[in-house]
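One structure below.
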Amino acid sequence: MAYRSPVRQQTARILLALIYISTYPFILSGCAKPAIKDARYDPAANILEIIAVLRRHIPDDTYQFEPARDFTGRNVYRASLLRLENFEAINSGLLRSGYMMDAIAFSKGRALERLRAFDLASEQYKQAARYEGELQIEALKSAALCDAFAEAAELEVSSSSVENPFSGANRREFTKIDQRRALLETLGKEVQDTHYESVLKEEIERTDSMEARRLESFRRTEASGNLKAIAARQQLVIRHRSSKNANRHLLALADLYATLAHEYIEEYPPESLKFEPANFEELVSSAARLYEAVSNQDGASERIEAAQRLESFLAFTLRVDRDRFTP
């Protein structure tokens, strides 16, 4: 048996202990499990990391698809804007020299325009254009487009902004909608083959929705008000069938038919001689068909909502049928 000196034996024991501790570090903390660190939740190492994530999603078609989300589940454009602002706050001393300020301002403009803060986006682009470089020309172009979008955004109206539907103020509100649409349509050629195409489509869709809501709010003010409201909702569905909000538009149209069915019963009770089953059935079938169409779509977040509304509406129709046809 080979002889080992006490010094060598002690050294060997120390080495074995170090290897054991490095392999099982939790023995130093009362046998607790080692903390697992997820690198995804680390703060951004540098500004290029933040800009790279945002740049990846700039070409996204947010008209047809929902905005992308980061690992936290937050809208990627809002998350990028917050990270840019946090980076500025933490590194204020470094940025005082002008380091990367053009890229930061330009990126903030890209994020803000997707959040419909067009006036703020324009300011950021103009700030980025103060610095000479590759971004200057593109920043000036984007600033001009955001100014136009901001001008159109100022022409937004709500369905309840005017109480008297016959007043001159109400007519001016409808004029504002037409002006908004005309202004947006002039931007068609300027945004062609750019990411602003989806932004423009979203704003036009918003304009059409605005007009449909307004016509629906004032449909009782004229004899053909219901027909105009239905036509506006139908046009919205047809024009924006490829929109991410297509199911929402279908639900709104179904709700309008359901409302008209309820109003018909209130005006012409089923037990009265003025009740026309054919007229009521037309409203019922239109609403039920639309609710069912949305509820049968796999993967649509609105399917549960549509199914619940359909169930409630059918319960209403069964009660009406019983009152009308039971001797």
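Values quoted throughout were computed directly from the atomic coordinates according to the rules given, and no laboratory measurement underlies them. Keep in mind it's a predicted model, so treat the numbers as computed, not measured. Glycine also receives a Cβ, built like all others from the backbone with ideal geometry; neighbour counts cover every protein chain displayed.
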Let me spell out the model: positive unit charges on the Cβ of Lys and Arg, negative unit charges on the Cβ of Asp and Glu, origin at the Cα centre of the stretch 44-154. What dipole size does that give, in debye rounded to 20?
320
The stretch 245-327, relative contact order in percent, only Cα pairs under 8 angstrom and at least six apart counted
33
If the only charges are +1 at each Lys and Arg Cβ and -1 at each Asp and Glu Cβ, what is the size of the charge dipole of the stretch 215-323 around the Cα centre, to the nearest 20 debye?
580
Using θ = phi - 60° and the Karplus relation 6.51 cos²θ - 1.76 cosθ + 1.60, list the HN-Hα couplings for the stretch 234-243 in order, rounded to whole Hz, with x at every Gly or Pro.
5, 4, 4, 5, 6, 5, 10, 5, 8, 6
For the stretch 136-141, what does the Karplus curve 6.51 cos²θ - 1.76 cosθ + 1.60, with θ = phi - 60°, yield as ³J(HN,Hα) per residue in whole Hz, taken in order and with x for Gly and Pro?
4, 5, 5, 5, 5, 5
Apply 1/(1 + (r/R0)^6) to the Cβ-Cβ distance of E154 and E271, taking R0 = 51 Å, and write down the FRET efficiency to the nearest 0.05.
0.45
Taking 41 Å as R0, compute the FRET efficiency from the Cβ-Cβ separation of N86 and K228 and round it to 0.05.
0.25
Among residues other than H195 whose Cβ falls under 15 Å from its Cβ, what is the net charge (Lys/Arg +1, Asp/Glu -1)?
-2
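What shape does the stretch 44-154 take by its C-alpha gyration tensor, where a ≥ b ≥ c are the square roots of the eigenvalues and a/c under 1.5 counts as rounded, a/b above b/c as prolate, and the rest as oblate? Display every interim value, and only then the final one.
Numbers: a/c = 1.85, a/b = 1.09, b/c = 1.70.
Note, shape of the stretch 44-154 comes out oblate.
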I need the phi-derived Karplus couplings for the stretch 289-299: 6.51 cos²θ - 1.76 cosθ + 1.60, θ = phi - 60°, integer Hz, Gly and Pro marked x.
4, 6, 4, 5, 4, 6, 5, 8, 8, 5, x
With respect to the cross-link table entries K141/K189; K126/K244; K176/K201; K141/K244; K141/K176, which display a Cα-Cα separation exceeding 21 Å?
K126/K244; K141/K244; K141/K176
Over what distance in Å are the Cα centres of the stretch 74-89 and the stretch 282-311 separated?
38
